[in-house]
Structure formats: C-alpha cells, structure tokens
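Just below is one structure, and these are the notes that go with it.
The numbers here are math on the coordinates, done by the rules we state, and not lab data. These figures come from a predicted structure and were not determined experimentally. Cβ sites come from the backbone with ideal geometry, for glycine too, and all protein chains shown count toward neighbours.
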Ligand code: FES
C-alpha cells in the first residue's frame, strides 16, 4: 500500500479535510436513535479491511499533518508531555508497541529491524531513520516515549497499576478535547473520570476499573466515545481555552455544515509487557456535518440522537452553545423514516 | 483467551521434590516479554481431561528466548504437579497462557523486602532481575527446611550478592518476621510468597506493626477445594453442569465446553467472578478476593476455587 498524506492544518485557516474514502471509514458511533452513556468495551481485534479497526494502531491520510500539529503544540508548551521517573520501563514498552505495530501493519511506510538490543527504525512519511540501543536512553535524540509519540496519531496516556488502581503517570496529550495531561498526571482512574455526569452512581467506573486491572497482555480492548466541536481544531485543551473558547459561538444555521464537526475518539487499551502498565490511546477522528450528510442515514440518526440527548450529557459533551444551529441544520435532512440498528453508512 | 504453544527443552531436578522446566515457543519465535512476578497457566492433558495450573515465571525478564518455571511435587496433588514431574520431559509440547502479573513490584516503593518460603522463591527470581535493572533497593529473605530443599541458591547469590539472606530452618531456626519488618524504612514494601501459614503470619505481623495494607503484597496459589457434588444451572448459556467432588466449578464448566473467564485460577484475581442468582444451600468461599460483606451477601462466587453445599445453584453465565 502506498499512502497519500494530506497537507492540512488544524488551526488558523483550518484546511483539514476528509477524502470520500476517509468519510466512508469514519467510525460513526450511533447504533440507535437514542444515546446512553455506557462502558461499551470490546476486544480490540482486527476489524474489516479498510476500517479504522483493521490494525491495532490506525494510520490514515491525516498522519503527517497530525504529527506536524503535535510538534507545534509541543514547541509552544512542552508540559503536554509528562513522564514520571518510575515509568521508564513503560516508556520503552510503548516505543516497542508502536514500532512493532506500525511496521507490521504498514510495511511500505515503516520498517523496524531488531538485532538483539540494536534497533533500526525507518519512518518514511516523516523522513526519520535512526539506529538505537533498546533500553539505552542516550542512544535516542530524546526519551523513548516522546520520541515515538511524535510519530503516532492520537493522544496516549500510560497508566501505572498499583494499589488496585491505575495512575496516569506517563502521557502525551496534544490534541485532546477539554482536558490536559499536565493537570491529570498522577491522578487515579476514578479521580480522572469523576466529571462524567450520571456515570459514577451507575457503578460504571468500579466495573470498568476492575475490568482494566485484569486486562491481559496480548488481548487489547477498545471503546469509542464522541463529542462535537466547532472547527477541526485538535488542540482544545484547558490551557488554550482563551484561543478556542469563542469558536463555539461562531456556528450558525447557515455555516454549521462546514463548521461543526462530529468528533469520535477511538480509545484502545493495551497491557504492556515489561512494566505491567496499561497504555491508553485516544485517537480522534473528525468529520464535518456536511461530509457526514453524504450518507443520509448518518445525518438522520445524528439529528435524533441530539434531540433526545439528556441536557446534562449535552453540557458535558460541550454542545450547549451550538446545539441549536446544529439541529436547525440537520432538521431538513430527517424525513423521520425508520432506521434499522447499526452504524454502517448506507 | 490467547495461548502460547511451547516445547519443553530441559527438565532438571533442582532440589528435593522440585523440578525446573525450560520451554521455548514451539515454532522457535521469541516469546512475549513479561514483568517480574508474572505467572502463566499451564494446560495439561491428564487422561483426556484438561487440567490447568498456574506457575510463576522465574527466568530473567529481559530474555524472551525461553520461559522457566519450577514445580514442587505436592503431597496432596490433584494431578497437576504429579503430571509435571512424571510425564513432562524434554520434547513435551504444552499449551500455556500469556503471562499475567498479579504480583508486580510497586514502582514507587523506597525499598522492597522480598520474603520467600520454599517453592515460593520462584516469582522473586524474575522480580529480582527487574529490581536489578531499574536499580531499586531491595533485600531477599529466603527460608527453607534444609539445604536439600534450597532450590536456586547459587543463582540467587549470583543475582543478589549481599542483598540475599538464607534461613535453613534446621540450622538457623525460623526467620523472625517481626524483627525484619520493624527495622525497615518508611515507604518500604514487603512481598511474600510461600506456604499459607507463612503468608498469613507475615500479613498479621505487618498490620500489627502498622504497615499500610497497600504496602504488603502476597501471592498464594490456592488449589480448588473438593466437596460434595452439586448441579450448576447456567442462565445465559441455558445449560446444566454437574460439579463432581474432585473438580472445581470452573473446571466442571470447562469440561462441559463453557468458555468461562479466568486468570489466576487461584482465587486471587476476581476475573472468574459470577453472579449467584439462586442457591438452595450455602456457598463455601475459598477465595482471597471477595470482601466479608460480599461473602455475607452471598450474591457472588469465584468458581475457580469456591463451591457450595447445596443441590442446585443458578448462576448468571
Ligand atoms: S480466576 Fe482468579 S479468582 Fe478465579
């Protein structure tokens, strides 16, 4: 496979765009006309060829642009990368996971040659080639976690398992919706999830945590989560609220199709071998309402989901300030016809 | 659950009743790396019946060419350790689970105190390689009956140098846990693996000395208890399974072709927990996992070790 990578931006002039192929493989999250928060965890096994689930770590047409965007964020604010000292084994584990996965899934773009501890890494899309000694930090231009995180899409948090809990002690978060790793570093799983309305009292987090504590090496799991945003801005962290906060009031009934995006996070969890830590990757896919509406059933269903959404959840997902223009834009596309269950496009 | 196919390449008698097994991937590929304290579950075909036992991985964690386990022949074996001792030889093919860690080191500990009794030394042999590599402070205290029972003593001396202390009971008497624990710096963590009385005793002493629960780690692999037969009715699978007296609930369900979850098979991890919908008798819990409140509520059971005094139980599986 030879991949074509978009030249695009996630800030300023916002030239981010999806090809028709990219819209088609969008991980649309709504199976039914009504949405309820749930843990919805499933095995992260290989999905259909071409889908975002085909490989353990997905690379798509946005790869090069997203890595560039990440570099910009890091150059402005390096606290987006947090690595507590006891996580060095986990750093190497993460590097191994990313490099072996990318080179196995996309052999024409990424190559990894392992000779004992001597590793040779080639990343063609980003023009990187390095020889290094696995386990020896001094042979890489920077610490292994940051090195490899600059070469993968999505945000990653690596959790140390101790005291029957999981702690976010290693992470790179440069494209996250509304939270920050600098703020969350060191927090436990439950502290970290505290803001989700109606979830704790459902015992969801107790169950999810218990499940994750028993996550096994070789059997990764995944779930999806969603929100919406105005402008395809990856970096909507709490630190930069002053930059993007006003985006939210700029959506109108007329421009919503191009300006408002459905944003789906594909979250995958991998047990790591040497550190027994758990890597949590949060890969974000964005699609404009106009692109999404190229598949009528997606637009109809989104209309129904948003109309029936509990106000607390709407607020949690940050929709309040632009929900009305979105609904006004979607309404004419929904003829009220019955939609069978399922997330497929047509 | 993903499994690994391995071939035994060496079997060595290393102490009285203890054999050491080395295995490599059947197809010669590297095995997955693992963290110190991990175990694998070995599946054995005993007279056409699949028997599964968990054993700690004891080799160096930075070597993915082979796995090593050590097995002590149990006097009251349910078949597993006898099978390993009498039937497994170089060339034997086995199926094992992916490594799982329920006994990992605490990476924020100031100092690690490792206390082993007899065959309980095995998980520490891999933990030590991790501790050496990341340069943490530790002490290993190894108690055994007599010199003939001291497996791996030379390796330990090589790996730990002056950090290892040996307690042959017939020469030095018992290891004094109270003395050992009372002189440790704040922020130390203690890890114990060995016979039940040793583990329970250490836990008691640590709590009397005011050690926080989260600083005390233990590993016990409990064998399933036997008892009177009973019938389990599985709600979701819509079947009934008879649990004979010499099989655990989990084993009986597996025999019947039910794909029930498990991880440690020793009542420690909670992975196999199922909801008890109905029981016309009393649950007999043998696990280390459920809280006292959960036991009283009698709504959950860990079928890998626990059973019931009843004629029929309905579970949500
Ligand atoms: S399998 Fe671990 S408690 Fe039953």
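So here's what we get for this one:
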quantity	calculated
Per-peptide average of other Cβ atoms within 10 Å, ordering B:130-138, A:283-291 highest first	A:283-291, B:130-138
Relative contact order computed over the stretch B:93-176 (Cα-Cα under 8 Å; 6+ residues apart), in percent	27 percent
For A:157-163, mean number of other protein chain Cβ atoms within 10 Å	3
Linear extension gain, residue B:43 paired with residue B:3, 0.36 nm per residue minus alpha-carbon span	13.4 nm
Within 10 Å of each Cβ in B:96-103, the average number of Cβ atoms from other chains	4
Degrees separating the helix A:296-308 axis from the principal Cα axis of chain A, which is the longest one	80 degrees
Cα gyration tensor, the stretch B:138-292 - rounded (a/c under 1.5), prolate or oblate	prolate
Cα long-axis angle, helix A:63-76 against chain A (0 to 90 degrees, to the nearest 10)	80 degrees
Tensor-based shape of the stretch A:1-64 (alpha-carbon gyration tensor, a/c under 1.5 rounded, otherwise prolate or oblate)	oblate
Degrees separating the helix B:196-208 axis from the principal Cα axis of chain B, which is the longest one	70 degrees
The stretch A:78-116 and the stretch B:53-124: distance between their alpha carbon centers, rounded to Å	29 Å
Residue B:183/residue A:51 FRET efficiency (R0 56 Å; Cβ-Cβ; nearest 0.05)	0.40
Tensor-based shape of chain A (alpha-carbon gyration tensor, a/c under 1.5 rounded, otherwise prolate or oblate)	prolate
By average C-beta atoms within 10 angstrom, highest first, the peptides A:86-94, B:304-312	A:86-94, B:304-312
Average beta-carbon neighbours from other chains, 10 Å sphere, peptide A:205-218	3
Using a Förster distance of 30 Å, the FRET efficiency for residue B:316-residue B:295 (Cβ separation, nearest 0.05)	0.95
Simple spin-label estimate for residue B:16 and residue A:243 in nanometres, 7 Å along Cα-Cβ	7.2 nm
Relative contact order of the stretch B:1-47, pairs being alpha-carbon contacts under 8 Å that are 6 or more residues apart, as %	28 percent
Difference of contour (0.36 nm per residue) and Cα-Cα distance, residue B:278 to residue B:26	86.3 nm
